[in-house]
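Below is one structure; the comments refer to it alone.
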Amino acid sequence: GKTETTKIALRCLATVSATRGRERDLAGSNPAGDKKKDSVSYGQSGSNANTSNTKNTPTLESKLCDANPALEAFGNARTTRNDNSSRFGKLTQIGFCESGTLRGARVETYLLEKSRVVTQAIGERNYHVFYQLIAGASDIEKKEWHLADDVSFYKYCAGGRSSPNVGPGKSKQESESGASSTHIDGVDDAFQFGETQRSLRMVGLSDTEIASVFKTLAAILWLGNVEFENTEVDGEDDAARVVFGDARAALKICAKLLGARPDSLEKALTTKKLVLGGVTQDEVLKKMDAGKACETRDALAKATYASLFKWLVGKVNKSFAKEERRFQAGALESSSSETSSSESFSSGNFPSPAGWCTTLSVLDIYGFEQFNRNSFEQLCINYANEKLQQGFNKHLFTLEQDLYAAEKIDWRDVRFTDNAPCVGLIENRPVGLLGLLDEQCAFPRATDATFARKCADELVKLELGNKDVQEAVLGHGLTGEKTCAEIPKTFVPNKSDPERGFTIRHFAGDVQYDPAGFLDKNKDDVSPDALFVLSSSKDEFVKTLGTYADQSAVDSNKDGSSQNHHQKKTKQSVGALFKTQLNSLVQKLDTCAPHFIRCVKPNPYCAPDVFDDQLVLKQLRCCGVLEVCRISTQGYPTRHTFRGFAERFGFGSSTGSQISFKGSTGAQRDKTVENSEKQLCVSILADHGVPTDQYQLGITKVFMRAGSVGRMEDLRTRRVLAATTFQKCHRAKTAREGFLRLKNATKWAQLFRKGKRQREWFLAVLVKRAHAASKVQSFVRGVAARRFAVQLRLEKETAAALTRKAELEAKEQAELTAKTQAERDAKEHAEALEAERVRAEQREESERIETEKATEAERIAAVEKAAEAE
């Protein structure tokens, strides 16, 4: 979509600029091409590249891309048709110097949708940064800022409120519908929170400022949980007070985060100071009911967030301006210089864009919107698209027809949809939709219903009687086709009840608007007492935001006398301010050469590989692409000056052979060209066989219909190809012949040179070989002699060894014989001893047996004797 396309364009420009800057640094500070200079930081000069911190210093190119995550987090939200819809317009102006290096940048914003902070439609989300804060804050940060773990706990992020809350609770249906839209598939809010923090650091915010930003966001979330109830105070039945319990706890936390006292914040939300007329200017404190207190609470939340967003955009521009000043100085500034520079930036003293050689502006603005319920924001968004479409028509349609008229081309106007009546209906004064809205805002008793009725009465009457509007419509191709009565009306009131709404016929379709809330959103009133809570805060950051909120109001006292915070201030309405910004934007675009990028949504389901033909065709029709195609086919999209046409297409033709504008003097031209340039073009066209109904001749140019020039270009291409082919062949033949001659001469020169070198080499080789042969012979003889000497020595050693071996063998034989004899003697002696021992044992055994026998005989005798005795 538009947001992603814008980021791609900015990334491309930053990359090209960085490359140019690096090439310039290498060429200027290092002509010899020292590779060490490749580490030069993009966008800085070579003198700055030698510093130690250059590599880590953010450059203008990096800041240009790194500022997007922060701006998206604070300015984009999920809608029913887009998960990352830009809820503000952004114009990024990029300045380049003559070398193509990025010189400076500015960011301008238009109409931040502040109402989204306090209420969202079913299926939509608040701004991304709130969900990122809850998902990505650390436990310490959550404890410091009193953040809950569930984002649906906060009423401003749980689907918003369809009507002011009176009482402590919300319906179950509202809570469920809000909770269902707090998460986006495929998006990690915790990761995006880290990207947002990194982006804030890249644009120059300190850690303290970043913490203050998120603390303020937490205060806005807690402010949404402050609820009111009606009670009887001093006889007044509809006096509002903060509900006891969770609502009062939310009040205390919000006051703490804003650096204010809880009783002062409650008093600012539930009461209003009125200044009575007269000389004394007495003040009266009026208590508000719960509904008015809710409106004041929401107004304070919107004003705080808008001031925070404005402050953030200012910091981004200051960061760009600091880099621009650094670029102009040609060297990195010291810390003291940066401090003084930051002070000058805070006063709005930015470097002048007059020093930029070329400016490229990228506009990323909300597209045409049509929802089930369309309110004041959709009117402003569609009004912006009407103005841009009017510029598109002027650039592509009106200027086209003016060119035909200036060239006196016989061509009937092609009817196209002119949205001038719709633009006039919205922005005209005093009878215009925005004019009537401002008029109704000035009446104390005016309501949204009276505004709708006033529009129904005045705008319908205006369209019926305004001849300028009719002529604006009839003057663009409608003449003779429709009468004034048949012209479709731009404003259509509700037929049953004009006070319930109205329909505006925009260029992209009919949109029915609900007037509820138009007056409040246009006035965008914030209680001075509520703003005083910000400006009197103990927190310096919140006090700064209060200053930004006060700057949006214009002091009605023109003589510069001081006023208290509660004195009446007049303030430009949102519609009038947006109209002024839009006119300024259109003026800037008119001074540029515009290039339009049309983003087409292929299907309503955000699904890949799904192409809805009817949806795409409707978008192409709404954004005017089909009108461009139709005008191209019916008109003359191709045009050339007479001279340029003859120079381009006269080649190879019977008349073109006599024409040579390039490099010829005036006398030669007069002599060669007998006819006028126009007649020569006619001859060329006839030579190419172009029918007369396919072209027209203007005063200075040839106009041709689509397709005709294609055939001429094809014939010219074939003729040029034939000529270049002939030239190529002829040049190749000439070059080839010369090459062959040079090759033959070179070959003979190489032969003589190689023969001489070979002879010299051969003689050198012979000398080396003779020297080597003598060395080899001496080496071989030496080897043979050494081998013979070794052989003699070995023979002597062998004979001596054999002699010693025989002696040893004889000695060993004698020793063996002696040893054998000794062993034999020892063995015989041992055998003799053994036999003697055996004989001794046998004798002893015999004696023992004899003894035993004698003993036994004596015993037997003794026994027998005893027996006999008995």
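The values are calculated or read from the model by the stated rules, or taken from the named source; none is laboratory data. These numbers come from a predicted model, not from an experiment. Neighbour counts run over all protein chains shown; Cβ positions are idealised from the backbone, glycine included. Keep in mind that these areas ignore ligands, DNA and RNA; they rest on the heavy atoms of the full protein, side chains included. Shrake-Rupley method; radii C 1.70, N 1.55, O 1.52, S 1.80 Å.
On a per residue basis, the range 203-253 carries 40 Å² of accessible surface, using protein heavy atoms and a 1.4 Å probe.
For Arg22, the accessible area of its heavy atoms, probed at 1.4 Å with every protein chain present, is near 80 square angstrom. Using all pairs of distinct alpha-carbon atoms, the Kirkwood hydrodynamic radius of the range 713-774 works out to 16.2 angstrom. Between Lys7 and Lys538, the modelled label-to-label distance comes to 4.1 nm, taking each label 7 Å out from Cα in the direction of the beta carbon.
Using only the C-alpha atoms, the convex hull of the range 766-870 corresponds to 115 Å³ per residue.
Computed with a 1.4 Å probe over protein heavy atoms only, the accessible surface of the range 819-870 comes to 90 Å² per residue. Over the range 178-222, the pair-distance histogram of Cα-Cα distances with 5 Å bins from zero comes to 5, 18, 19, 23, 19, 11, 4, 0 percent, rounded to whole numbers.
Summing charges over all other residues whose Cβ lies under 13 Å from the Cβ of Arg621, with Lys and Arg as +1 and Asp and Glu as -1, gives +1.
Among the listed pairs Lys215/Lys543; Lys63/Lys322; Lys143/Lys215; Lys2/Lys588; Lys495/Lys521; Lys2/Lys601, those whose Cα-Cα separation exceeds 18 Å are Lys2/Lys588; Lys495/Lys521.
Counted residue by residue at 0.36 nm each, then reduced by the alpha carbon distance between them, the extension gain from Ile184 to Ala840 reaches 223.8 nm. Remark on the range 782-842: hydrodynamic radius 16.0 angstrom, per the Kirkwood mean of 1/r across alpha carbon pairs.
Seen from Gly194, the other residues with C-beta closer than 12 Å to its C-beta sum to a net charge of -1, counting Lys and Arg as +1 and Asp and Glu as -1. Electrostatic bookkeeping for Phe244 treats Lys and Arg as +1 and Asp and Glu as -1; over the other residues with beta carbon under 15 Å from its beta carbon, the sum is -2. Using a probe radius of 1.4 angstrom, the carbon and sulfur fraction of the accessible surface of the range 747-870 is 60%. The heavy atoms of Lys272 offer some 100 square angstrom of accessible surface to a 1.4 angstrom probe.
Counted residue by residue at 0.36 nm each, then reduced by the alpha carbon distance between them, the extension gain from Phe611 to Arg787 reaches 53.6 nm. Remark: for residue pairs Lys114/Lys454; Lys90/Lys454; Lys142/Lys273, the C-alpha separation exceeds 30 Å in Lys90/Lys454; Lys142/Lys273.
Take the Cα of Leu833, step 7 Å toward its Cβ, do the same at Arg248, and the gap between the two points is 13.0 nm. Taking a straight line from the alpha carbon of Lys489, these aspartates and glutamates sit under 17 Å away, with near neighbours fewer than eight places off in the same chain left out: Glu386, Asp418, Glu427, Asp457, Glu458, Glu463, Asp468, Glu471, Glu481, Asp510.
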